[in-house]
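Nothing in this text is a laboratory measurement; each read-out follows from the coordinates by a stated rule. None of the values given here were measured: they were computed from a predicted structure. Here the Cβ is made from the backbone with ideal geometry for all residues, glycine too, and neighbour counts use every protein chain on show.
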Amino acid sequence: MEIGFQKILDEYRQLTEQMSSGGAFDIAKLGKRQAELSPVAEMISDYGNKIKELDENKKLLEDGDPEMKSMALDEARRLETEILNLKSKIEEALLPKDPNDDKNAIVEIRAGAGGDEATLFVAEMFRAYGKFAEENKLKPYIISSSRSEAGGFKEVIFEIHGKGKLAGPYGTFKYESGVHRVQRVPETEKSGRVHTSTITVAVLPELEEKDYAIDPKDLKIEATTSSGHGGQSVNTTYSAIRILHIPTGITAQCQDERSQAQNREKALAVIRSRVAAHYAEIENKKIRSMTKSQIGTGDRSEKIRTYNFPQDRVTDHRINENFNQINLIMEGKFEDIVSALQKADIEAKKEALKK
């Protein structure tokens with residue numbers, strides 16, 4: 001058995017012994033670690049048993065009886081397949097987990113090139129992400145938005161909360177960060193010519209103050225009146241909040257909650273996540289220049305996906321894979337795309353560990 005696998009088994013057995021010994025140990029800490037290792041330790045034990053079974057089976061191949069040899073060969077092939085699958089699952093379970101995967105997510109969608117058509121696509125993607133979130137037991141909540149005259153959004157920012165079926169909110173949506181390109185014939189296009197528009201998506205983990213603290217001296221907080229379509233005031237109380245992070249010039253605002261305190265809390269969550277992401281992106285660029293160990297999850301300038309409506313095709317450029325039935329995808333059916341990206345990310349990380 002691999003040395004790394006044996007070390008996991010040894011650690012799990014040691015934890016079990018310490019838990020039952022009644023010694024002066026931190027039982028809560030030991031119990032948490034034991035619970036983390038339990039599923040993978042069970043898989044490793046099964047892996048070891050199957051290797052032994054395969055070794056015993058190979059001895060039967062030395063038997064002179066042709067029928068016995070044939071049966072042993074079939075069994076050996078089955079065991080080899082199961083051993084390879086188990087090994088892959090164990091390696092996946094041992095990969096370092098992204099500590100932000102279970103955190104709530106802040107998703108920002110903005111219109112890029114393409115004028116009104118881009119703002120309409122922002123609205124469609126916002127709707128599609130909302131449906132995808134709800135189908136995966138997640139809940140979207142708007143933080144702020146800016147409507148366009150065409151009925152779309154110049155920008156929409158929302159939170160995603162919940163546990164999730166595929167992963168936590170950030171773990172589910174993090175692969176959406178980047179430039180999304182749409183190719184289709186706009187409804188206003190009389191000649192039937194295909195137009196190309198772009199939107200940008202940024203997905204940030206929602207960080208608590210204990211996760212990332214910002215010095216209050218670095219923040220300028222202003223209360224303003226909320227505004228609606230075209231900038232007109234929709235109330236006369238100063239309930240909307242705008243925050244500026246002075247060192248970076250990064251801003252955040254929230255006007256969708258009823259009270260100033262609620263808007264302040266939401267805006268602080270956004271500014272915290274944006275500032276953390278700003279500094280993390282600087283570090284990530286240094287790392288990316290040295291290694292390609294994961295599927296992109298943060299660079300907003302990276303063109304990640306094309307939605308080609310005339311050809312009924314969505315192409316994710318990071319994995320060079322096409323997905324059909326674009327109308328279903330725009331109804332929130334992103335599971336196949338996200339699963340393919342998660343799988344590619346796992347394989348990339350496995351390869352990086354081998355180097």
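Enumerate the amide H contacts of residue 206 below 5 Å, restricted to partners 5 or more residues apart or on another chain; note that Pro and chain-start residues carry no placed amide H.
Residues meeting the amide H criterion: 104, 105, 106.
For the chain, modelled as a GNM with alpha-carbon contacts under 10 angstrom, which of 159, 80, 135 fluctuates the most?
Evaluated over the chain, the most mobile residue of the options is 80.
Order these by the 10 Å Cβ neighbour count, fewest first: 129, 141.
The order, fewest Cβ neighbours first, is 141, 129.
Please build a GNM for the chain, connecting alpha carbons under 10 Å apart, and tell me which residue among 52, 343, 89 fluctuates the most.
Of 52, 343, 89, the Gaussian network model singles out 52 as fluctuating most.
If contacts are Cα pairs under 8 angstrom and at least 6 residues apart, what is the relative contact order of the chain in percent?
15 percent
What is the helix-to-structure angle for 66-94, meaning the angle in degrees between its Cα long axis and the longest Cα principal axis of the chain, kept from 0 to 90 and rounded to the nearest 10?
Around 40 degrees separate the two axes.
How much length, in nm to one decimal, is gained on full extension between residue 30 and residue 321, taken as 0.36 nm per residue of separation minus their Cα-Cα distance?
Taking residue 30 through residue 321 to full extension adds about 100.4 nm, to one decimal.
With a cut-off of at most 15 other beta carbons within 10 Å, and DSSP calling the residue loop, which trypsin sites (Lys or Arg not before Pro) in the stretch 120-210 qualify? Please list them.
When the trypsin sites (Lys or Arg not before Pro) of the stretch 120-210 are filtered for loop state and at most 15 Cβ neighbours within 10 Å, 137, 163, 165, 190, 193, 210 remain.
Residue farthest toward the positive end of the dipole of the chain, with Cβ of Lys/Arg at +1 and Asp/Glu at -1: which of 123, 151, 5?
So the residue we want is 151.
For percent of Cα pairs over 32 Å apart, several values are listed as [x] 27; [y] 32; [z] 48; flag the one computed from this structure.
[z]
Would you mind checking the tilt of helix 27-60 against the longest principal axis of the Cα atoms of the chain, expressed as 0 to 90 degrees and rounded to 10?
Roughly 50 degrees, rounded to the nearest 10.
How much of the DSSP bridge set in the chain is antiparallel, in percent, rounded to the nearest 5?
90 percent
Place +1 on the Cβ of every Lys and Arg and -1 on the Cβ of every Asp and Glu in the chain, take the dipole about the Cα centre, and give the residue among 179, 162, 85 whose Cα lies farthest towards its positive end.
179
What angle do you read, to the nearest 10 degrees and between 0 and 90, between the alpha-carbon axis of helix 260-288 and the longest principal axis of the chain?
Once rounded, the angle reads 60 degrees.
Suppose we look only past 19 Å in the calculated P(r) of the stretch 3-94. What percent of the Cα-Cα pairs does that tail hold?
Counting every Cα pair in the stretch 3-94, those more than 19 Å apart make up 53 percent.
Based on Cβ point charges of +1 for Lys and Arg and -1 for Asp and Glu, what charge dipole magnitude is obtained for the chain about its Cα centre, in debye rounded to the nearest 20?
Dipole magnitude for the chain comes out near 1200 debye.
Percentage of Cα-Cα pair distances in the stretch 159-221 greater than 14 Å, rounded to whole percent?
For the stretch 159-221, the fraction of Cα-Cα distances above 14 Å is 73 percent.
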